[in-house]
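Below is one structure, written out as structure tokens; comments come after it.
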Amino acid sequence: MMKKTVSILLTILLVLGTVAFAMTAAAEEPAIVNQGYCGAEGDGTNLTWTLDSDGLFTVSGTGAMQNFTTDFAVTWYRLRNSIQSVVLEEGVTTVGAWAFNECRNLTSFTIPSTLREFCDYAFRDCPSIPSLSIPGTVEHIGHGAFVYANFATVTLSYGLKTIGDYAFWSCNCFKTVEIPDSVTRIGDGAFGYNLQLNSITLPEGLKEIGKKAFQHTSIGSVDIPASVTSIDETAFEDCWHLTGIHVEPANTVYYSDDGGSLLQYGADGDRLLCHPEKSPVENYVIPASVTEIGNSAFYRCSALKTLTMPEGLVTIGNKAFNDCDKLTEITIPDSVTTIGDFAFLDCTSLASLSLGGGVATIGTGAFSHCYQIESFEIPDSVTSIGDHAFGGFVRLQAYSVDPDNPAYTAGEDGCLYNKDKTVLVAYPIGKPDTTFDIPDTVTTIAPYAFNSNVLYENSTYGTYPGHLESITVPATVTRIGTGALANNRYGMRYIKILNPNCAIGSDAYVYWIDGMQLPRGFKVYGYAGSTAEASTYDEEIADWYYGEDIFVALCPADDAHATIKAEATDPTCTEPGHAAGWYCEDCGAYLSGEAQLALGHAWGEWEVIRPATVDEEGLMRRVCQKDPTHVEEQVIPKLKPNTNVFQEFIEMIKTFFENFAEWIRRLFRW
């Protein structure tokens with residue numbers, strides 16, 4: 001019996017142990033927490049997805065994944081923070097657009113041998129994946145597929161054909177990348193803003209390099225293979241470590257020179273696309289075959305001091321020499337017809353400027369911030385000058401224009417005008433005058449015409465001390481351009497605008513230097529209710545100008561009259577009131593604000609204050625219900641003495657005979 005009991009107990013313990021083990025094993029095995037379909041074919045059932053409790057996201061099936069239109073449309077978007085690893089099983093051919101966008105806790109993903117494409121934004125903003133290795137089966141990387149990733153290494157295999165626009169934009173960790181020979185296109189911005197990227201190998205077979213493809217990287221040098229037939233001029237823009245570009249001699253579209261510049265052959269002349277930012281060349285001679293300098297071609301070339309342009313050069317592109325801060329002199333040959341927008345912006349050491357006799361167009365901001373220029377002449381060939389073309393010429397005291405110029409002229413006041421002086425194009429901000437009255441021939445003030453573009457407080461070149469204290473804009477002016485009157489942020493006292501309906505552009509008086517600024521104590525004078533007043537109600541002015549209102553109303557009777565911003569006065573029963581508005585202290589009249597009529601009295605009932613008697617008059621009074629200080633009084637006549645009827649009859653007979661006797665006396669006198 002004892003043995004049988006022990007046997008039963010052992011059996012029970014064995015069963016309980018087995019159950020406990022099974023329960024523990026079940027508890028340790030990850031559970032599926034969500035699942036669904038994600039295929040691109042038919043009803044989407046060609047692919048399924050599951051997410052387990054350990055954060056493993058698995059895609060199973062055959063064919064392509066669904067492409068989602070936005071990240072919010074992704075079926076599992078709300079689960080993205082739970083995804084820690086992704087396994088794409090054999091049979092999956094694409095990673096769908098936006099599929100794993102913002103999976104910031106994702107640390108790894110497994111790519112099958114069947115995968116052909118990473119679609120647009122497939123792994124956008126997944127910063128926790130340490131490295132990327134793409135197998136040779138993948139042919140295309142889509143737009144922004146890995147943007148904002150932080151890969152320490154990137155390996156691309158032979159078989160890849162195209163790298164889409166912004167595919168690796170702003171990944172910012174990997175330092176080198178070798179493009180396989182199978183790649184034919186590197187898209188726009190594909191590797192842009194990878195600050196650590198310092199080495200790139202471009203393959204034979206590559207045909208196209210898109211705009212800003214390597215912008216803002218640390219690449220030191222580039223070898224362009226013979227196969228390349230298309231390079232956007234901005235492909236290597238802002239590569240601040242780039243010392244030289246070398247093109248294989250067999251290339252029939254592009255070539256490089258001894259200065260490390262990238263140039264393009266042309267039927268009517270060559271185009272200079274890029275002179276490396278860190279080229280050590282100080283004195284550069286542009287090849288004689290060049291007829292066009294491309295946009296941003298010499299952008300931030302920090303070593304460049306002198307430049308020789310060839311006769312035959314026709315066009316200088318936008319931002320061509322932007323921020324060449326050591327360039328000291330420029331002679332534009334007579335063959336040049338166009339100087340692009342901001343072509344010499346921030347050439348802060350440029351002290352000598354000679355414009356060729358063929359220049360027709362000077363672009364917006366073309367020579368802005370060239371602080372050392374003291375004089376130059378605009379030739380008779382110039383027919384178009386962009387806004388702010390000469391902004392920041394703090395040493396220039398007067399403009400000079402060839403008298404034969406058909407479009408522009410220099411006034412006796414030193415200003416640059418259009419030919420009939422109806423447009424004030426630019427004021428010479430180096431002029432020492434403290435006041436300026438704009439001539440009444442002017443109807444338009446061009447954008448930034450007075451703008452000084454003063455330097456930062458800590459600028460190496462010092463600060464513009466400012467001269468003008470006041471500007472008077474006559475009633476003839478119907479339009480003031482954007483930023484036109486911002487001149488002296490240190491000492492400008494006021495601007496007077498005499499046309500009440502003048503159209504005034506944005507930021508007409510303010511500076512965007514190191515934050516929006518207005519001169520301390522600055523005022524805008526204009527008529528009440530005018531556009532000048534309205535222009536000072538700008539929300540940005542209200543946010544930045546920590547003082548009293550900058551607008552002051554002018555009296556139409558006399559601009560010299562003193563005006564104040566009067567508080568509102570309430571109307572009374574007898575006196576009119578007035579809403580808050582501008583008030584002329586000399587005229588005694590409101591210039592703005594709505595007048596309010598007197599309210600009128602609301603009298604109460606008469607109240608007897610003192611009753612009348614036979615010997616004394618009485619008094620009654622009533623009070624205004626709107627204002628108890630307003631009182632009206634009225635006298636109550638004396639009361640007559642008490643008499644009976646007989647006495648009244650006797651008095652009446654007596655009065656009759658007295659009147660009859662008086663009538664007889666008058667009759668006998670006649």
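The values are calculated or read from the model by the stated rules, or taken from the named source; none is laboratory data. This one's a predicted model, so the numbers in the text were calculated from it and none came from an experiment. With ideal geometry, Cβ positions are generated from the backbone for all residues, glycine too; neighbour counts draw on all protein chains shown.
Some values worked out for this structure:
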{"read-out": "Residue match in the stretch 267-274 (condition: of a type in the set (Lys, Arg) and over 25 Å from GLY358 (Cβ atoms))", "value": "no"}
{"read-out": "Top-ranked residue in the stretch 237-259 [being farther than 17 Å from ASN198 by Cβ and among the small types (Gly, Ala, Ser); ranked as farthest from the chain's Cα centre (by Cα)]", "value": "ALA250"}
{"read-out": "Residue under evaluation PRO287, criteria (1) assigned to a strand (DSSP E or B); (2) more than 24 Å from GLY189 (Cβ to Cβ), criterion not met", "value": "(1)"}
{"read-out": "Scan of the stretch 265-284 for residues that are more than 22 Å from VAL314 (Cα to Cα) and either part of a strand (DSSP E or B) or of a type in the set (A, V, I, L, M) (or both), ordered by number", "value": "VAL281"}
{"read-out": "Candidate set: the stretch 329-346, residues that are modelled with pLDDT under 95 and in a loop (DSSP other than H, G, I, E, B); chosen: the one farthest from GLU292 (Cα to Cα)", "value": "ASP346"}
{"read-out": "Check on THR62, of a type outside the set (D, E, K, R), farther than 23 Å from TYR148 by Cβ and touching an Asp or Glu at 6+ places or on another chain (Cβ under 8 Å)", "value": "no"}
{"read-out": "Residue that is surrounded by the most Cβ atoms within 10 Å (Cβ to Cβ), among those in the stretch 381-430 that are under 25 Å from THR478 (Cα atoms) and among the aromatic types (Phe, Trp, Tyr)", "value": "TYR427"}
{"read-out": "Test: THR476 is among the hydroxyl-bearing types (Ser, Thr, Tyr), assigned to a loop (DSSP other than H, G, I, E, B) and at pLDDT below 80", "value": "no"}
{"read-out": "Test: residue in the stretch 575-590 that is part of a loop (DSSP other than H, G, I, E, B) and under 18 Å from LYS523 (Cβ atoms)", "value": "yes"}
{"read-out": "Qualifying positions in the stretch 243-264 - in a loop (DSSP other than H, G, I, E, B) and touching a Ser or Thr at 6+ places or on another chain (Cβ under 7 Å)", "value": "THR243, VAL253, GLY259, GLY260"}
{"read-out": "Hits in the stretch 300-316 - residues which are closer than 16 Å to LEU263 by Cβ and either without any contact (Cβ under 8 Å) to a residue 40 or more places away in the chain or touching a Lys or Arg at 6+ places or on another chain (Cβ under 7 Å) (or both)", "value": "CYS301, LEU307, THR308, MET309, PRO310, LEU313, THR315, ILE316"}
{"read-out": "Top-ranked residue in the stretch 173-199 [being farther than 19 Å from TYR148 by Cα and touching an Asp or Glu at 6+ places or on another chain (Cβ under 8 Å); ranked as surrounded by the most Cβ atoms within 10 Å (Cβ to Cβ)]", "value": "ARG185"}
{"read-out": "Within the stretch 103-124, tally of residues that are modelled with pLDDT under 95 and among the acidic types (Asp, Glu)", "value": "0"}
{"read-out": "Some residue of the stretch 364-380 being of a type in the set (Phe, Trp, Tyr), assigned to a loop (DSSP other than H, G, I, E, B) and surrounded by fewer than 21 Cβ atoms within 10 Å (Cβ to Cβ)", "value": "yes"}
{"read-out": "Residues that are crowded, with 17+ Cβ neighbours inside 10 Å and among the acidic types (Asp, Glu), drawn from the stretch 68-107", "value": "ASP71, GLU102"}
{"read-out": "Condition met for VAL285 (surrounded by 16 or more Cβ atoms within 10 Å (Cβ to Cβ) and either out of contact with any Cys (no Cβ under 7 Å at 6 or more places or on another chain) or within 30 Å of GLY481 (Cα to Cα) (or both))", "value": "no"}
{"read-out": "Meets criteria (modelled with pLDDT of 75 or more, in contact with a strand residue (DSSP E or B) (Cβ under 9 Å, 6 or more places away or on another chain) and within 30 Å of VAL552 (Cβ to Cβ)) for ALA595", "value": "yes"}
{"read-out": "Hey, ALA562 of a type in the set (Gly, Ala, Ser), farther than 20 Å from ASP440 by Cα and at pLDDT 85 or above or not", "value": "yes"}
{"read-out": "Test result for GLY269, farther than 20 Å from GLU329 by Cβ and surrounded by 19 or more Cβ atoms within 10 Å (Cβ to Cβ)", "value": "no"}
{"read-out": "Options LEU345, LEU350: the member that is in contact (Cβ under 8 Å) with a residue 12 or more places away in the chain, of a type outside the set (S, T, N, Q) and either under 19 Å from SER279 (Cβ atoms) or in contact with a Leu (Cβ under 7 Å, 6 or more places away or on another chain) (or both)", "value": "LEU350"}
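A quick yes/no check of all residues on (1) assigned to a loop (DSSP other than H, G, I, E, B); (2) over 22 Å from LEU345 (Cβ atoms); (3) modelled with pLDDT of 90 or more; (4) within 28 Å of the chain's Cα centre (by Cα):
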residue	(1), (2), (3), (4)
ALA389	yes, no, yes, yes
LEU396	yes, no, yes, no
PRO406	yes, yes, yes, no
ASP440	yes, yes, yes, no
GLY491	yes, yes, no, yes
SER506	yes, no, no, yes
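Rundown of residues vs (1) without any contact (Cβ under 8 Å) to a residue 12 or more places away in the chain; (2) among the aliphatic types (A, V, I, L, M); (3) surrounded by 13 or more Cβ atoms within 10 Å (Cβ to Cβ); (4) over 21 Å from HIS561 (Cα atoms), yes/no style:
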{"residue": "ASP586", "(1), (2), (3), (4)": "no, no, no, no"}
{"residue": "GLY593", "(1), (2), (3), (4)": "no, no, yes, no"}
{"residue": "LEU597", "(1), (2), (3), (4)": "no, yes, no, yes"}
{"residue": "HIS601", "(1), (2), (3), (4)": "no, no, yes, yes"}
{"residue": "TRP606", "(1), (2), (3), (4)": "no, no, yes, yes"}
{"residue": "ILE609", "(1), (2), (3), (4)": "no, yes, no, yes"}
{"residue": "ARG621", "(1), (2), (3), (4)": "no, no, yes, yes"}
{"residue": "CYS624", "(1), (2), (3), (4)": "no, no, yes, yes"}
{"residue": "PRO628", "(1), (2), (3), (4)": "yes, no, no, yes"}
